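Reviewing the structure listed below.
The values are calculated or read from the model by the stated rules, or taken from the named source; none is laboratory data. Quantities reported herein were computed from a predicted structural model and do not represent experimental measurements. Cβ placement follows ideal geometry from the backbone for every residue including glycine, while neighbour counts extend to all protein chains displayed. Surface areas here come from the heavy atoms of the whole protein model, side chains and all, with no ligands, DNA or RNA. Shrake-Rupley method; radii C 1.70, N 1.55, O 1.52, S 1.80 Å.
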Amino acid sequence: MNLNMNSMESLVAQIQGLSGSIADVNQLHSLLKQSEDLFHSELARLAPLLTELDPSIHSLGYLYILEACTSAPISKEQANELVLSVARFINLCAAEQIRLAPDKFISVCKRFKDQVMLLEDPMRGVAPMLTALRKLQLSSEHLTTLHPDFLLLCLLGKCYKTGLSILEDDIFEVDQPRDFFLYCYYGGMICIGQKKFSKALELLHNVVTAPMSILNSIAVEAYKKYILVSLIHLGQFSISFPKYTSSVAQRNLKNFSQPYLDLVNSYGTGKISELETCVLANNEKFEFDKNLGLVKQVVSSMYKRNIQRLTQTYLTLSLQDIANTVQLHSAKEAEMHVLQMIQDGEIYATINQKDGMVRFLEDPEQYKSCEMIERIDSSIQRIMMLSRKLTDMDELLSCDPLYLAKAGRERQRFDFDDFDTVPSKFTI
């Protein structure tokens, strides 16, 4: 026991003495890796040692001890203290030190996420988790395994705007495929919550078309939401997949989404009655999938699509005629829909309150304002940046030994120059 006590005290002294230069920290890292068994054999005595260390200076040593402390099962009563301790460490730790032991840092952060969920207070974990993933990231283009956990906390805590802050980053590096699937799925849900349907479609599309060797439940749920958001935002949905979609997804996704494809067919008729019949027939399924709210938005969007079609045919129309044509219950309800669409910029019109007439107008945007020119220029610059990035990635891939070896093996298997162009039995 005395040996262990001396070993622990000696280790703390080493942490305090070797947390300065890069060379010292690397030496300390080797020492800590050799001492992991000691940490786990002395769990009961580790917590007091943290008071002797400064998380901003002794980040690596603090991380190893904290990871060992959090590995033991804790009660709900102890969870609050643990959450405070981990949040403080995340805010104060030095990024360059914790990146030396990313697995340890990720483990601590994931346990932190589990504890705030155990306490049923996900909002409490949002800010620390955002700080954690930023410190773990080597660049904003890097998708860490903490990204999905952060977005999940944002969803559960309804902190949608905070979640949007990381969804603007262009991602080019992914550690694990599952992280990418969850990042895009949770990100899509956050964008749906903020009515940013265009971005939601982009993220859900990434899940559906991502490479996969076997079908996963994330892709299935993303496909269902992808269908609904397409109907809400675009007023249509194509059941054919892009060519780059995996064969697994193309063969199987539709089999798990039949009620949603039935909804697409009903929506395509433009008849509210048929759409409502379909919703009623599949109501339990939509509710079980927790998509009933989106389905209701699909129904509401059909009224909008039908009103938009009227703008292509008529210059003026009474509110009562609009209500009759799109199957709304009253002129007042038609007025509410038209006003909302004008406010959202979906149509351009004026309403004469005296005679209840709606006058449809042309889009006033001339596409020559300074703001519009800046938006167009920004889009061009972004496309040019993406083009350069793709060229760089293509060059790196073409020089990758693993890729070249695999490509060589595949070519040997499918080199058609080795075969006769006409089978011998059909030779004329």
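Of all lysines in the structure, those lying under 17 Å Cα to Cα from K161, and not within fewer than 8 positions of it along the same chain, are K195, K196, K199.
Determine the alpha carbon to alpha carbon distance for each of K243/K304; K271/K304; K33/K113; K243/K285 and list only those over 22 Å.
Details: K243/K304 32 Å; K271/K304 12 Å; K33/K113 25 Å; K243/K285 30 Å.
Cα-Cα > 22 Å for K243/K304; K33/K113; K243/K285; rest within.
Students sometimes get this wrong: rank R134, R45 by accessible area, probe 1.4 Å, all chains present, largest first. Kindly include the intermediate steps, with their values, before the conclusion.
Numbers: R134 90, R45 65 Å².
The most accessible residue leads, giving R134, R45.
Counting other Cβ atoms within 10 Å, which trypsin sites (Lys or Arg not before Pro) in segment 181-259 have at most 14 and lie in a DSSP loop? Could you put the intermediate results ahead of the total?
Working: sites: K195, K196, K199, K224, K225, K243, R251, K254; in loops: K195, K196, K243.
Here the trypsin sites (Lys or Arg not before Pro) that fit, given the DSSP loop and packing criteria, are K195, K243.
When both segment 289-328 and segment 367-394 are represented by their alpha-carbon centers, they are found 35 Å apart.
Accessible surface of V12, taken over heavy atoms with a 1.4 Å probe and every protein chain present, rounds to 10 Å². Each Lys and Arg Cβ is given +1 and each Asp and Glu Cβ -1; about its Cα centre, the chain then shows a dipole of about 940 debye. Result for the chain in a Gaussian network model with C-alpha springs under 10 Å: among L143, L152, L66, the largest mean-square fluctuation is at L66. Here the accessible area of the chain is 54 percent carbon and sulfur, with a 1.4 angstrom probe and all protein chains present.
Per residue of the chain, the DSSP helices (runs of n ≥ 4 H) give a summed -39500 (n - 2.57) that works out to -21000 deg cm²/dmol at 222 nm. The alpha-carbon of K290 sits under 17 angstrom from the alpha-carbons of these aspartates and glutamates, leaving out residues fewer than 8 places away in its chain: E221. Taking the longest Cα principal axis of the chain as reference, the axis of helix 197-209 is set at about 70 degrees.
For the chain, a Gaussian network of Cα nodes joined below 10 Å ranks L49, L84, L397 by mean-square fluctuation, and the top entry is L397.
Accessible area per residue was computed with a 1.4 Å probe on protein heavy atoms; I65 scores about 0 Å².
Skip the ligands, DNA and RNA, and give the accessible area per residue of the chain with a 1.4 Å probe, whole Å². All intermediate terms of the calculation are to be shown ahead of the outcome.
Numbers: 24430 Å² over 428 residues.
So the chain comes to 57 Å² accessible per residue, rounded to a whole number.
Which residue fluctuates most in the GNM of the chain (Cα springs below 10 Å): N352, N291, N26? The residue that fluctuates most here is N352.
Looking only at the chain, where both bridge partners belong to it, what percent of the DSSP beta bridges are antiparallel (to the nearest 5)? Display every interim value, and only then the final one.
Numbers: 7 of 9 bridges.
Expressed as a percentage, antiparallel bridges in the chain total about 80.
Taking chymotrypsin sites (Phe, Trp or Tyr not before Pro) across segment 154-255, the ones in a DSSP loop with at most 13 further Cβ atoms lying within 10 angstrom of their Cβ are Y244.
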